[in-house]
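Enquirer: Quick one: this structure, given as structure tokens, is what I'll be asking you about.
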Amino acid sequence: DRLVRVLLGELFFLMAFFWLGGGLAILAYILGAVMILTALSGFCGLYKIFGIDTAKKFPGQTSKAVLSIFIITLIVLPIVGAYYSNFFTRKFFLEDYNAMNNYYKQTLFNTGQDKRAESIDNYEKLVLEYDKYSNKYSAYHPFVIKSDAKFNDDLAKAHAIITESKDKIYNGDLKKLHVELEAIRPIFQEILKRNNFSLLAVTLVDFHDAMEKIITAADAKDVNGIATVYSEVDDKLKAVEETVNDDEIKAIRNNLDSLLDLAKNNKTEELSKKAAELKASFIKTYLKRG
């Protein structure tokens, strides 16, 4: 009972530190502390109230094998949990950032081209995505931005620029608005720079989402689907290559283009294997440098 409580306490602390924010994080810290304290003291108030006594219910000593497993778990859990929590919260943060930033880039591009309809369409999507992004990360700071004291202020600055653009996007001078929207770019860049995100990490995560589409098509042996989605995946990989184009990135490119060649030659039985190689080359690069 006490060993299980220590494990639960560690899990609550991991959740609070890496995955939760605001009131939920505080609650998880409290629950974690309760689990640890009751484990150390051997006293549980709820057990006392309901007349439960696990010491009497399960008399005798814990076997050495069980004790050894628990001790190993107690040591390994916080180390492995912290590593993967940091990895995935960082990855999810970048995915959310890219989802929002893609609409910003499209809005910026279309205002620069003086395309009203396209500017309005992407601006409206930007507003929705930015609200989701801002609401989530102003209340919850994953480990990667936990020490960034300027983060919420920068969110507010970008939000103000986006909000002030509303009337101009519909009726104003788009070329002039383009210049005003450019002020958001350095805000985003400073956030990434302060929190040690490389541009490579951002572009790799952006590429990942498109890559999954072509892998899904390959696993389904859908040659037409591969041909259709290739253009999008190719564009995302070109953004990666503009940042870095060493042997690891070239391996991703080689696997992607080989997958397209197999589809063009209707070699459907080889598609899944090549798709797996593409994913493996990406994961190897992302784990090492993302």
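The values are calculated or read from the model by the stated rules, or taken from the named source; none is laboratory data. Here the structure is a predicted model, which means the values were calculated and not measured. Every residue, glycine as well, gets a Cβ built from its backbone with ideal geometry; the counts of neighbours run over all protein chains shown. These accessible areas exclude ligands, DNA and RNA; they are computed on the full protein's heavy atoms, side chains included. Shrake-Rupley method; radii C 1.70, N 1.55, O 1.52, S 1.80 Å.
Enquirer: For S138, S281, write out the residues from largest to smallest accessible area, computed with a 1.4 angstrom probe and no ligands counted. Provide the component values of the computation, followed by the final result.
Expert: Values: S138 50, S281 15 Å².
These residues rank, largest area first, as S138, S281.
Enquirer: Assuming R0 = 25 Å, what is the FRET efficiency of V66 and A33, from their Cβ-Cβ distance, to the nearest 0.05?
Expert: Approximately 0.50, to the nearest 0.05.
Enquirer: Give me the number: length gained by fully extending K150 to L199, i.e. 0.36 nm times residue separation minus the C-alpha to C-alpha distance, one decimal in nm.
Expert: 15.7 nm
Enquirer: Then there is this: Counting only other residues whose beta carbon sits under 12 Å from that of I184, what net charge do I get with K and R as +1, D and E as -1?
Expert: On the way: positive: K105, K157, R185; negative: D154, E164, E180, E182, E190.
Within the 12 Å Cβ shell, the charges total -2.
Enquirer: Another question, then. Compute the angle between helix 64-112 and the longest alpha-carbon principal axis of the chain, please, reported from 0 to 90 degrees and rounded to the nearest 10.
Expert: Long axis of 64-112 versus the principal axis of the chain: about 20 degrees.
Enquirer: Could you name the lysines whose alpha carbon sits less than 18 Å from that of K221, not counting residues in the same chain fewer than 8 places away?
Expert: Reachable lysines: K213, K264, K267, K273, K274, K279.
Enquirer: Then there's this: Reachable aspartates and glutamates from K175, Cα under 20 Å, same-chain residues fewer than 8 places away excluded?
Expert: D114, E118, D121, E124, E164, D167
Enquirer: Just want the answer: with Cβ charges of +1 for Lys and Arg and -1 for Asp and Glu, which residue in V34, Y104, N254 is farthest toward the dipole's positive end in the chain?
Expert: The one lying farthest along the dipole's positive direction is V34.
Enquirer: Lys and Arg at +1, Asp and Glu at -1: add these up for the other residues within a Cβ distance under 15 Å of L77 and post the number.
Expert: Net charge around L77: 0.
Enquirer: Taking all protein chains together and a probe of 1.4 Å, list H159, H141 from the most accessible to the least accessible.
Expert: Greatest to least solvent exposure: H159, H141.
Enquirer: Across bins of 5 angstrom width beginning at 0, how are the C-alpha pair distances of the chain distributed, in whole percent?
Expert: 1, 5, 9, 11, 11, 11, 11, 11, 9, 7, 5, 4, 3, 1, 1, 0, 0
Enquirer: Let me have the relative contact order for the chain, percent, based on Cα pairs under 8 Å that are six or more residues apart.
Expert: Averaging sequence separation for qualifying contacts and normalising by length gives 15 percent for the chain.
Enquirer: Which number do you get for Rg(Cα) / (2.2 N^0.38 Å) in the stretch 135-275?
Expert: The value comes to 1.38.
Enquirer: Connecting C-alpha atoms closer than 10 Å in a GNM of the chain, tell me which of A25, A149, A276 has the biggest fluctuation.
Expert: A149
Enquirer: Using a simple charge model, +1 on the beta-carbon of Lys and Arg, -1 on the beta-carbon of Asp and Glu, nothing else, what dipole does the stretch 101-224 show about its Cα centre, in debye to the nearest 20? Show your work: numbers first, answer last.
Expert: On the way: 18 positive and 20 negative charges, 46 e Å.
Using only the charged Cβ atoms, the result is roughly 220 debye.
Enquirer: Roughly how many debye, to the nearest 20, is the charge dipole of the stretch 146-290 about its Cα centre, given +1 on each Lys and Arg Cβ, -1 on each Asp and Glu Cβ, and no other charges?
Expert: 240 debye
Enquirer: Something else about it: Put a dot 7 Å past each Cα toward the Cβ at K264 and E241; how far apart are the dots in nm?
Expert: Rounded to a tenth, the inter-label distance reads 1.4 nm.
Enquirer: Shifting gears a bit: Can you put L27, L108, L37 in order of accessible area, largest first, using a 1.4 Å probe?
Expert: I get L37, L27, L108, largest accessible area first.
Enquirer: Can you list the aspartates and glutamates whose alpha carbon sits under 14 Å from that of K250, skipping same-chain ones fewer than 8 residues off?
Expert: D234, E241, E242, E277
Enquirer: Mind putting a number on the dipole of the chain about its Cα centre? Charges go on the C-beta only, +1 for Lys and Arg and -1 for Asp and Glu, and I need it in Debye to the nearest 20.
Expert: Charge dipole of the chain: 1140 debye, to the nearest 20.
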